[in-house]
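Novice: Take this structure, written in structure tokens, and hold onto it; I'll ask about it next.
The values are calculated or read from the model by the stated rules, or taken from the named source; none is laboratory data. Note that the structure is a prediction, hence the values are computed from the model and not measured. Positions of Cβ are generated from backbone atoms using ideal geometry, with glycine treated the same way; all protein chains shown enter the neighbour counts.
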Amino acid sequence: YSVQVATPNAGAFDAALSAVRGTPGVSASAVTSTAIGGTSVLRVTFAGSLSDFAAALRARGWQVTEGTGALSITR
């Protein structure tokens, strides 16, 4: 799945990457676009549906917007 994440600074980028990778069900992730001060994009392999992935991120404190094959997350 594609995950767009708001990354206003380097600390937010690092925290988001760590949080996504640590989400139960995530088996792989890769940064496809880094935009400090904007929106970065990750490609994530998750063992479940997009809705399941969104729920797992919400359980970790993220605000999640679901799109077609993609999520947008913010803190």
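Novice: If I filter the stretch 3-24 down to residues being within 10 Å of the chain's Cα centre (by Cα), over 11 Å from SER40 (Cα atoms) and touching a residue at least 12 places away in the same chain (Cβ under 8 Å), which single residue comes out as surrounded by the most Cβ atoms within 10 Å (Cβ to Cβ)?
Specialist: Per the criteria, the residue is VAL20.
Novice: What's the total number of residues in the stretch 25-75 that are in contact (Cβ under 8 Å) with a residue 12 or more places away in the chain, within 13 Å of SER2 (Cβ to Cβ), assigned to a loop (DSSP other than H, G, I, E, B) and of a type in the set (S, T, N, Q)?
Specialist: The number of residues fulfilling the criteria is 0.
Novice: On to the next question. Looking at the stretch 11-25, is at least one residue touching a helix residue (DSSP H, G or I) at 6+ places or on another chain (Cβ under 7 Å) and within 17 Å of ARG75 (Cβ to Cβ)?
Specialist: Checked against the condition, which is being touching a helix residue (DSSP H, G or I) at 6+ places or on another chain (Cβ under 7 Å) and within 17 Å of ARG75 (Cβ to Cβ), the stretch 11-25 yields at least one hit.
Novice: Another one. Condition (residue is touching a Lys or Arg at 6+ places or on another chain (Cβ under 6 Å) and either under 19 Å from GLN63 (Cα atoms) or modelled with pLDDT of 95 or more (or both)) applied to the stretch 33-51: is it met by at least one residue?
Specialist: no
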